[in-house]
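The values are calculated or read from the model by the stated rules, or taken from the named source; none is laboratory data. Everything numeric in this text was worked out from a predicted model, so none of it was measured. Note: ideal-geometry Cβ built from the backbone for every residue, glycine included; neighbour counts use all protein chains shown. Just so you know, the surface numbers come from the protein's heavy atoms only, side chains and all, with ligands and any DNA or RNA stripped out. Shrake-Rupley method; radii C 1.70, N 1.55, O 1.52, S 1.80 Å.
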Amino acid sequence: MKLTSRFFIRLVFLSALLMQGFFTIATATAAPTNQLNALRTWPSPNNTRVVLEFLHKPSYKIHYLKYPDRLVIDLESTSMAVDLSKIKHTGPLVNNLRESASKSKNSYRVVVDLNKASQAKIFVLPKAKPYGHRLVVDLPHNQLSTETEIKPKQPAQGRNIIIAIDAGHGGDDPGALGRYSYEKKITLQIAKRLLKKINHQVGMSAFLIREGDYFVGLHQRTAIARKGEADFLVSIHADGFTSARPRGASVLVLSKRRATTEQGRWMENNEAHSELIGGAGKMMQGSSNLPYLQKMVLDMSMGNSMAVGYKVGYRVVQELKKVTPLHQAAPVHASLAVLKSPDIPSILVEAGFITNRTEERLLNQAAHQNKITNAVFNGIYKHFAQSPPQNTLFAQKKRVIKHTVRSGESLSILAERYSVSLNSLKTYNNLSSSSLLVDQVLNIPPNYKLAIPPEPPKQFVRTQQPPRVHRVTRGEALSVIAAEYNTTTETLKTFNHLRSTSLRVGQKINIPGSYVKTPVVRAASVHKVGRGEALSVIADQYGTTTDTLKSFN
Ligand SMILES: [Zn+2]
């Protein structure tokens, strides 16, 4: 027994030695098992994301170095298929990305040279189309870059209604994939068009939550909207599906219930995934741990924003119906984090299916993007024109004006003066006929037409005036006569050899011949350019200037 056990111990010891030797040899000779295939940087205003893409799930270690600040990433058993020197556009924080001597033969070392110390948030993402396994390094800029200041333009009277526009996805999160395009690009293009459209509307202004190709966490998106004091948040997306068949646009609104449709549920799951990509890694927390009163207040304001969200969503669906097929004929209820801002009503617009061939082509076209943009704008605009938030210019314009009819005023004159239709004026005042009585009081309906129409080009007609003779009547001064003939007192004095400006009744005043420039208000017309026609020639023909034509067109 004693002998046997000693032998056994020796055997174990020997085999341990052998095994150790074997493994030493194995690690020294085996090729690296993983490969770094790509490295991307996504600088955003507040943070720089560095994404390393691998063949397999990466195994890594990091540490920081000071003087200068560096982040060192050691990748175990990894070979290199990227030229780090070719990586540009690293943003304000990352100075350089380079390879460095690693401690062991098979590991690979990436050094991130920083302009300022930054504590990275690092996480691994599984393979997801179009990317492989990823190591995501989020480097916050801290005080380095001044936060993007959102200062919507505000008129002195009623304030503007502020719309936060959120372009879905971005950076290493491409969103849904079409055959040749990514959702993140289309969402940003439509968002930018909507921004322009809203900012062109008097009484409204907008800002973008994501301005470039970088990812913004879902909760951060609503935080940015809140910081910009948005009255409303619209998130722009394009749908994707596993088959090419589904098509059409839809609008999603927040619901406290679970998603009411399959699509809503799918969106929820998809968004959870997107949130992981965003690095926050946590879903909207339940409010069960909030004190009772606080929870109730939250629920109440949530109720109000949800109601507004639904109303706007409904209007946007009605508008989208005019320009594109619908995937869902009514707003879809979903419990999405991007919509879950308790104080800002919001909707999520799915502009169409990028996975549908026809719609992918359309979604990439400027003309179609404009149609979607206009539909979204009209839906939002119509809601706020009817139910404007307090203290806004829209609220001021909505106030009913009372008008007391004076002699000579007709219904059509008043309709034109207040920019309302004749019919709306009649129905608003329950009038059966168009005849008005002096001192009759009319209610002028709210005027939604706040947009300033482009001014027609100013046109002048030059007419030649022959010399004439003017006979002075009682009380007429030389300055009055000068004004009547579009000339000056001085000109008349010299032309008539007058020593003073005093005149007598019946005196003859010679009026010199002149060119008179009279402005003509002509309806804007369309001119078809002929061969070899210059803009200056056309301008002359219509009595306008090249500059006017340039800005007008
Ligand atoms: Zn999306």
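Leaving ligands, DNA and RNA out of it, report the carbon-plus-sulfur percent of the accessible area of the stretch 34-140 at a 1.4 Å probe. Provide the component values of the computation, followed by the final result.
Working: 2760 of 5240 Å².
Using a 1.4 Å probe with all protein chains present, the stretch 34-140 comes out at 53 percent carbon and sulfur.
Ordering 182-195, 73-86 by mean Cβ neighbour count within 10 Å, with the highest value first, yields 182-195, 73-86. For the stretch 34-140, the Kirkwood radius over C-alpha pairs fed into Stokes-Einstein at 10 °C and 1.306 mPa s yields D = 115 µm² per second. Its Cα gyration tensor gives the stretch 400-444 an equivalent ellipsoid; the semi-axes, largest first and in whole Å, are 14, 11, 10. Of Y131, A117, S85, whose Cα points farthest to the positive end of the dipole of the stretch 34-140 (charges on the beta-carbon: +1 Lys, Arg; -1 Asp, Glu; origin at the Cα centre)? It is Y131, whose Cα lies furthest towards the positive end. Restricting attention to the stretch 34-140, close to 95% of DSSP beta bridges with both partner residues there are antiparallel.
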